[in-house]
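Below: one structure, written as structure tokens.
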Protein chains: 2
Amino acid sequence: MSATLVRRVGELTTNDPTLGDETAMGRLCDAAFVVEEGRVVWVGSDADAPDADTVIDAEHAAVIPGFVDSHTHLVFAGERSDEFEARMQGLHYDGGGITRTVSATRAASESDLVSGTARRVQQLHDGGVTTLEIKSGYELTTDGEVRQLQVAAHFSNDVTWLGAHVVPDEFRHDRHAYLELVTGPMLDACAHHAQWADVFCDRGAFSVDEARHVLTRAKSLGLGLRLHANQLAHGEAIALAVELDAASVDHVTYVEDQDIDLLAAASTVATLLPGAEFSTRSPYSPARRFLDAGVTVALATDCNPGSSYVTSMSFVIALAVRDMMMSPDEALWSATKGGAQALRRDDVGHLGFGARGDFVILDAPRAAHVAYRPGSNLAARVERADR
Amino acid sequence: MSATLVRRVGELTTNDPTLGDETAMGRLCDAAFVVEEGRVVWVGSDADAPDADTVIDAEHAAVIPGFVDSHTHLVFAGERSDEFEARMQGLHYDGGGITRTVSATRAASESDLVSGTARRVQQLHDGGVTTLEIKSGYELTTDGEVRQLQVAAHFSNDVTWLGAHVVPDEFRHDRHAYLELVTGPMLDACAHHAQWADVFCDRGAFSVDEARHVLTRAKSLGLGLRLHANQLAHGEAIALAVELDAASVDHVTYVEDQDIDLLAAASTVATLLPGAEFSTRSPYSPARRFLDAGVTVALATDCNPGSSYVTSMSFVIALAVRDMMMSPDEALWSATKGGAQALRRDDVGHLGFGARGDFVILDAPRAAHVAYRPGSNLAARVERADR
């Protein structure tokens with residue numbers, strides 16, 4: 001029954017519109033809050049703060065909910081910096097792409113996968129991430145995908161099976177056989193190791209019909225759905241996601257007005273991944289069009305060794321503000337509450353009553369500093385309530 | 001006479017073209033080097049490494065020269081995140097600009113200025129910066145500018161007097177009188193506290209004739225010259241810098257072909273500050289045009305509370321690669337050796353024989369990871385030789 005009081009918070013962002021300034025940010029100045037048994041039980045003015053066993057003095061700094069990174073590919077081996085270097089110089093260089101990471105990951109021991117993933121989870125945590133999703137998709141065999149999901153489960157309660165990431169080399173000439181594997185034995189083995197199923201539905205990846213087949217089967221086994229959609233070209237993936245009530249469509253760089261209309265009327269979140277667009281020098285997703293239409297937007301790192309080796313949500317926020325025209329508050333909300341909605345969770349991403357006591361004390365007087373001081377890690381103290 | 005051997009360096013960047021692969025990066029694999037009395041005395045293959053009193057095992061990581069940040073405004077008080085927020089939302093908001101920082105800095109105690117500057121220097125150092133320049137320009141009185149230079153001298157041997165930063169409010173109606181102060185009593189008092197003189201020569205700032213007047217007088221007192229040039233609009237500042245043999249022209253966003261020709265034939269370095277362009281959502285300086293013409297390019301943070309609150313050279317490198325089309329190697333060189341040349345120093349920015357033993361062990365197998373993993377601080381160990 002130990003309670004912790006965080007007091008002298010210069011600026012508290014709760015993301016609870018019933019609190020503070022009653023905006024989406026639910027912001028209070030000179031505030032305090034109490035976490036008891038891992039949950040927020042009191043929020044208010046510092047002057048009214050109750051006593052508690054443990055007191056943390058925020059010394060007038062800003063406090064925000066822990067970041068929710070709702071899209072990562074953290075379980076991998078190897079690196080592809082040569083491919084990145086070539087791409088940045090406009091050179092045509094086929095290092096092998098995802099297939100190369102598949103080979104390296106298959107060849108890695110489980111303990112190497114765990115330690116590599118742990119290192120990246122720690123980097124994310126040190127930058128303020130307290131909830132994260134992790135996908136499989138770098139082994140593409142039944143046993144390998146199960147192994148990836150098991151490694152991911154050490155670090156996350158939101159584990160996503162991405163057997164339909166790419167068609168692996170050995171099925172290059174028999175795509176149909178790979179889809180049979182994916183929707184048959186692989187999914188059967190993976191389903192109880194994952195909360196979510198995802199498909200890379202794009203030009204050169206899986207078609208909308210293939211994605212529908214995989215996701216429908218996954219849904220029948222009780223998995224929640226998410227979809228890599230329209231990163232490389234426009235397609236019908238967003239309509240599919242809405243049709244199947246997916247929690248999130250991710251990337252969504254190439255979108256038409258009707259896609260935006262569909263999302264605005266649905267509970268499917270648009271998860272934007274500017275780290276990928278930064279690292280591949282691609283156009284950014286049109287965040288303003290989503291926001292202005294009332295679509296719920298999340299921001300995530302997409303951490304992976306090919307297109308976005310990013311382990312900082314602050315960096316993602318800075319890009320969203322500078323290059324996607326989001327305001328600092330919109331970006332902060334999308335990196336916390338938006339990420340939580342993309343995972344259909346109401347216990348994280350905010351600091352309203354009953355929220356998990358996951359918060360970040362910033363080395364800054366205002367949360368806007370996350371975008372104002374780009375490239376820095378301002379997370380002075382990251383607290384994550386035990387589950 | 002204590003010697004330190006750094007061994008098992010997976011990839012060593014020396015920036016000395018007589019070493020290793022004999023490119024500008026002077027790169028060696030499986031390398032080692034020895035620092036004795038603060039200087040590099042041996043560089044070679046790990047297999048040939050001599051004995052030493054102290055051994056640092058780089059464990060196959062990449063090692064680079066410490067970053068040289070040749071353009072900062074670190075001595076300030078206050079913050080302007082509200083101005084940043086408004087700017088990012090396209091709102092017209094006159095928070096006061098530089099004048100606001102001038103007011104806050106004038107009002108700050110010397111100990112507060114020292115501690116604030118120390119904090120920012122520490123952030124830069126933790127990210128791998130081992131040499132930095134610091135400008136005055138936020139007090140704009142004779143005593144105040146002397147005070148700023150004295151604070152800067154705690155942290156840097158490259159201190160720059162920037163009395164001609166803006167015309168302060170109290171001289172708003174008598175620009176001529178401020179120029180008389182700047183070129184008269186202020187410069188007389190400041191000259192022996194600084195190594196460099198700088199002028200903000202741009203649209204809305206000081207004219208080319210005014211800058212010539214200030215810089216000529218500063219040069220006659222033995223100061224080296226640098227110039228804020230063409231950040232906001234095209235002007236004749238680059239021609240002036242070359243005419244006066246300034247060490248560096250900084251920002252240089254708006255340039256004509258004849259400017260580039262002038263710089264290519266001169267020893268004046270073009271110092272690019274993409275953090276400012278990121279934080280003000282301005283066009284980036286045309287780095288490729290400079291590089292392709294043979295101009296020496298430096299990269300720096302421009303750390304200041306108005307237009308670039310950036311304390312990470314890695315972030316600057318990532319922007320230079322992504323948004324200025326520099327290769328990862330070009331950006332690394334510009335952030336080390338380029339910065340040294342912008343300060344006309346040959347003792348830092350490289351790890352050739354006789355260089356100061358300032359180096360960074362990266363948490364990465366290759367230096368290209370600095371750009372490949374944007375938003376992260378990969379500086380696992382930063383060593384700065386005592387002077």
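What's the total number of residues in the stretch A:228-257 that are in a loop (DSSP other than H, G, I, E, B) and of a type in the set (D, E, K, R)? Break it down stepwise before answering.
So in the stretch A:228-257, the residues in a loop (DSSP other than H, G, I, E, B) come out as A:230-236, A:244-247, A:252-256.
Filter once more, so that each one left must be of a type in the set (D, E, K, R): A:236, A:245, A:256.
Selection size over the stretch A:228-257: 3.
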Looking only at the stretch B:348-387, count every residue that is open to solvent by 30 Å² or more (accessible area, probe 1.4 Å), part of a loop (DSSP other than H, G, I, E, B) and more than 12 Å from every other protein chain (Cβ to nearest Cβ) and tell me the total.
5
Of all helices (runs of 4 or more DSSP H) fully inside the stretch B:161-222, the set with 2 or more residues that are closer than 18 Å to B:Thr101 by Cβ and open to solvent by less than 40 Å² (accessible area, probe 1.4 Å) is none
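So which residues in the stretch B:258-285 are in a loop (DSSP other than H, G, I, E, B), open to solvent by 30 Å² or more (accessible area, probe 1.4 Å) and more than 14 Å from every other protein chain (Cβ to nearest Cβ), if there are any at all? Explain how you work it out, then say what you get.
Residues of the stretch B:258-285 in a loop (DSSP other than H, G, I, E, B): B:265-268, B:273, B:280-285.
From what is left, the residues that are open to solvent by 30 Å² or more (accessible area, probe 1.4 Å) are B:265-267, B:280-284.
If the condition is that a residue be in a loop (DSSP other than H, G, I, E, B), open to solvent by 30 Å² or more (accessible area, probe 1.4 Å) and more than 14 Å from every other protein chain (Cβ to nearest Cβ), then B:Ala265, B:Ala266, B:Ser267 are the ones that fit.
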Identify, please: which residue in the stretch A:78-99 is away from chain B (no Cβ under 13 Å) and touching a residue at least 24 places away in the same chain (Cβ under 8 Å) and is, among those, surrounded by the most Cβ atoms within 10 Å (Cβ to Cβ)?
A:Ile98
Reported set for the stretch A:289-305 where residues are within 11 Å of another protein chain (Cβ to nearest Cβ) and either among the aliphatic types (A, V, I, L, M) or not in a strand (DSSP E or B) (or both) is A:Thr301, A:Pro305
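Which residue, of B:His251, B:His234, B:His228, is within 21 Å of A:Arg322 (Cβ to Cβ) and either within 10 Å of chain A (Cβ to nearest Cβ) or of a type outside the set (Ser, Thr, Tyr) (or both)? Explain how you work it out, then say what you get.
Details: B:His234 fails: within 21 Å of A:Arg322 (Cβ to Cβ); B:His228 fails: within 21 Å of A:Arg322 (Cβ to Cβ).
None of the others qualify; the one that does is B:His251.
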Selected residue (only one of A:Glu145, A:Glu139, A:Glu133 is touching a Cys at 6+ places or on another chain (Cβ under 9 Å), of a type in the set (Asp, Glu) and surrounded by 23 or more Cβ atoms within 10 Å (Cβ to Cβ)):
A:Glu145
Somewhere in the stretch B:100-112, is a residue without any contact (Cβ under 8 Å) to a residue 60 or more places away in the chain and within 14 Å of chain A (Cβ to nearest Cβ)?
yes
Pairs under 6 Å by beta carbon, first residue free of Cβ contacts under 8 Å to residues at least 60 places away in the same chain in the stretch A:284-295, partner open to solvent by less than 40 Å² (accessible area, probe 1.4 Å) and part of a helix (DSSP H, G or I), six or more apart or different chains?
A:Tyr284/A:Pro274; A:Tyr284/A:Glu277; A:Tyr284/A:Asp323; A:Tyr284/A:Met324; A:Ala287/A:Met324; A:Arg289/A:Ile260; A:Ala293/A:Ile260; A:Val295/A:Leu263
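Say whether the condition of being open to solvent by less than 40 Å² (accessible area, probe 1.4 Å), within 23 Å of A:Glu133 (Cβ to Cβ) and in contact with a Phe, Trp or Tyr (Cβ under 6 Å, 6 or more places away or on another chain) is met by at least one residue in the stretch A:300-311.
Step one: of the stretch A:300-311, the residues open to solvent by less than 40 Å² (accessible area, probe 1.4 Å) are A:300-311.
From what is left, the residues that are within 23 Å of A:Glu133 (Cβ to Cβ) are A:300-311.
From what's left, in contact with a Phe, Trp or Tyr (Cβ under 6 Å, 6 or more places away or on another chain): A:305, A:309.
Looking for residues that are open to solvent by less than 40 Å² (accessible area, probe 1.4 Å), within 23 Å of A:Glu133 (Cβ to Cβ) and in contact with a Phe, Trp or Tyr (Cβ under 6 Å, 6 or more places away or on another chain), one finds at least one in the stretch A:300-311, hence yes.
Only one residue in B:Ile260, B:Ile238 is touching a residue at least 12 places away in the same chain (Cβ under 8 Å), β-branched (Val, Ile, Thr) and over 21 Å from B:Lys135 (Cβ atoms), so which one is that? Walk me through how you get there before you give the answer.
On the way: B:Ile238 fails: over 21 Å from B:Lys135 (Cβ atoms).
That would be B:Ile260, the only listed residue that is touching a residue at least 12 places away in the same chain (Cβ under 8 Å), β-branched (Val, Ile, Thr) and over 21 Å from B:Lys135 (Cβ atoms).
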Going residue by residue through the stretch B:189-207, is there one that turns out to be out of contact with any His (no Cβ under 9 Å at 6 or more places or on another chain) and β-branched (Val, Ile, Thr)?
no
Among (1) of a type outside the set (Gly, Ala, Ser); (2) over 23 Å from B:Val129 (Cα atoms); (3) under 25 Å from the mean Cα position of the chain (by Cα), B:Val63 falls short only on (2)
Show me the strands (runs of 3 or more DSSP E) entirely contained within the stretch A:11-67 in which 1 or more residues are of a type in the set (Asp, Glu) and open to solvent by 50 Å² or more (accessible area, probe 1.4 Å).
A:27-36, A:54-57
Which residues, counting only those in the stretch A:121-147, are out of contact with any strand residue (DSSP E or B) (no Cβ under 6 Å at 6 or more places or on another chain) and of a type in the set (Lys, Arg)?
A:Arg147
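Taking the options A:Val151, A:Val121, A:Val146, name whichever one is at pLDDT 95 or above and within 16 Å of the chain's Cα centre (by Cα).
A:Val121
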So which of A:Ala335, A:Ala318, A:Ala331 ends up being in contact (Cβ under 8 Å) with a residue 24 or more places away in the chain, among the aliphatic types (A, V, I, L, M) and more than 11 Å from chain B (Cβ to nearest Cβ)?
A:Ala335
When (1) over 29 Å from A:Arg120 (Cα atoms); (2) in the same structural domain as A:Val316 (by TED's automatic domain parsing) are applied to A:His73, the one that fails is (1)
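Condition check: surrounded by fewer than 22 Cβ atoms within 10 Å (Cβ to Cβ), in contact (Cβ under 8 Å) with a residue 40 or more places away in the chain and away from chain A (no Cβ under 11 Å). Does B:Ala340 satisfy that?
On the way: surrounded by fewer than 22 Cβ atoms within 10 Å (Cβ to Cβ): no; in contact (Cβ under 8 Å) with a residue 40 or more places away in the chain: yes; away from chain A (no Cβ under 11 Å): yes.
No: the conditions fail for B:Ala340.
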Anything in the stretch A:12-69 that is in contact with a helix residue (DSSP H, G or I) (Cβ under 7 Å, 6 or more places away or on another chain) and β-branched (Val, Ile, Thr)? List them, or say none.
A:Thr13, A:Ile64, A:Val68
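The values are calculated or read from the model by the stated rules, or taken from the named source; none is laboratory data. What you are looking at is a predicted structure, and each value in this text was computed from that prediction instead of being measured. So basically every Cβ, Gly included, is an ideal-geometry build from the backbone, and we count neighbours across all protein chains shown. Surface areas here come from the heavy atoms of the whole protein model, side chains and all, with no ligands, DNA or RNA. Shrake-Rupley method; radii C 1.70, N 1.55, O 1.52, S 1.80 Å.
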